[in-house]
Amino acid sequence: SDVGSQKDRVVTEEEWLQKWEMGNIGFHKEQRHPLLQKYLDVLLNGRSGLRIFFPLCGKAVEMKWLADMGHSIVGVEVSEQAVKDFFSEHSLPYCEEPVPEISGAKMFQSTSGNISLYCCSIYDLSSSIVGKFDGVWDRGALVAVNPCDRQRYASLMINLVEKNSSYLLVTVSYDPNKHKGPPFYVPESEIKSLFG
Ligand code: SAH
């Protein structure tokens, strides 16, 4: 297939931690994503006080922006450095606590309570731990998941959303023979089969 060159590629959690440690984080943007601004109305759909999920959140600045609008934000990220950098770069005081259901995981929560970041693998989460969400901002998440884990990721995401939820997904379009990823190329046909 056209994505054959990427389907067996695996980036380990250790490699992600190293990227953070080395400052090799070209995926992080200081400015809010223009597509979130453009499609904010679709995400919110006239509603306020939503629970919004950021899978593979890094230190995405949009978390602060949506929290300031009155929504409550939950993110998940393997890198503790990313999570701590997020709070310190926005001068947000936070506390840190273990997650009883997940061995080794920690949850970092802003003192104001509206931003909760789980430091663990997304595959450790379930709706019994984090509840369900009204909205999802998936940028640098599905496209960062190893191709072999996409089905598992999509099934989990479907489980984590409420019936009346909005899911904004950003992908990248390019020739997968010319770049090994991440971000990986996920064809539109695959997105349809993953999410239905
Ligand atoms: N969405 C963010 C970050 C994108 S890069 C943004 O828009 O800036 C992908 C992030 O996912 C990295 O920070 C990496 O450390 C994290 N990550 C990779 N695999 C993960 C996993 N299985 N569970 C949680 N986080 C993961």
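The values are calculated or read from the model by the stated rules, or taken from the named source; none is laboratory data. Everything numeric in this text was worked out from a predicted model, so none of it was measured. FYI the Cβ positions are ideal-geometry reconstructions off the backbone, even for glycines, and counts take in every protein chain you see. With ligands, DNA and RNA removed, areas are computed over all heavy atoms of the protein, side chains included. Shrake-Rupley method; radii C 1.70, N 1.55, O 1.52, S 1.80 Å.
With runs of 4+ DSSP H residues as the only contributors, calculate the mean residue ellipticity of the chain at 222 nm using -39,500 (n - 2.57) per run, divided by the residue total and rounded to the nearest 500.
On the way: 8 runs with 60 residues, N = 196.
After summing the helix terms and dividing by the residues of the chain, the value is -8000 deg cm²/dmol.
Once the whole set of protein chains is in place, how much accessible area is left on S173, using a 1.4 Å probe, in Å² to the nearest 10?
So the heavy atoms of S173 present about 110 Å² to solvent.
Looking at V99, F87, W65, which one has the Cα that reaches farthest to the positive end of the dipole of the chain (charges on Cβ: Lys, Arg +1; Asp, Glu -1)?
Going by the charge dipole, the pick is W65.
Among residues other than Q109 whose Cβ falls under 9 Å from its Cβ, what is the net charge (Lys/Arg +1, Asp/Glu -1)? Let's see the in-between values first.
Working: positive: none; negative: E96, E97.
Taking every other residue near Q109 into account, the sum is -2.
In square angstrom, what is the accessible area per residue of the chain with a 1.4 angstrom probe?
Values: 10020 Å² over 196 residues.
Value for the chain: 51 Å² per residue.
Taking the Cα centre of the range 12-137 as origin, sum charge times position over the Cβ atoms of Lys and Arg (+1) and Asp and Glu (-1), and report the length of that vector in debye to the nearest 20. Intermediate values should be presented prior to the final figure.
Values: 11 positive and 17 negative charges, 107 e Å.
Result for the range 12-137 is approximately 520 debye, rounded to the nearest 20.
Can you list which of the trypsin sites (Lys or Arg not before Pro) found in the range 125-196 are DSSP loop residues with at most 15 other C-beta atoms within 10 Å?
Working: sites: K132, R139, R150, R152, K163, K178, K180, K192; in loops: K132, K178, K180.
Qualifying residues, ordered by number: K132, K178, K180.
Can you list residues whose amide H is under 5 Å from I102's amide H, if they're 5+ apart or on another chain and H is modeled 1.01 Å from N?
none
Which percent of the Cα-Cα distances in the chain go past 25 Å? Don't jump to the answer; show the numbers that get you there.
Numbers: 6506 of 19110 pairs.
It works out to 34 percent of all Cα pairs.
When only DSSP loop residues count, what chymotrypsin sites (Phe, Trp or Tyr not before Pro) in the range 97-196 have their Cβ near at most 15 other Cβ atoms within 10 Å? Can you show the working numbers first?
On the way: sites: F108, Y118, Y123, F133, W137, Y153, Y167, Y174, F184, Y185, F195; in loops: Y174, F184, Y185.
Filter output for the range 97-196: Y174.
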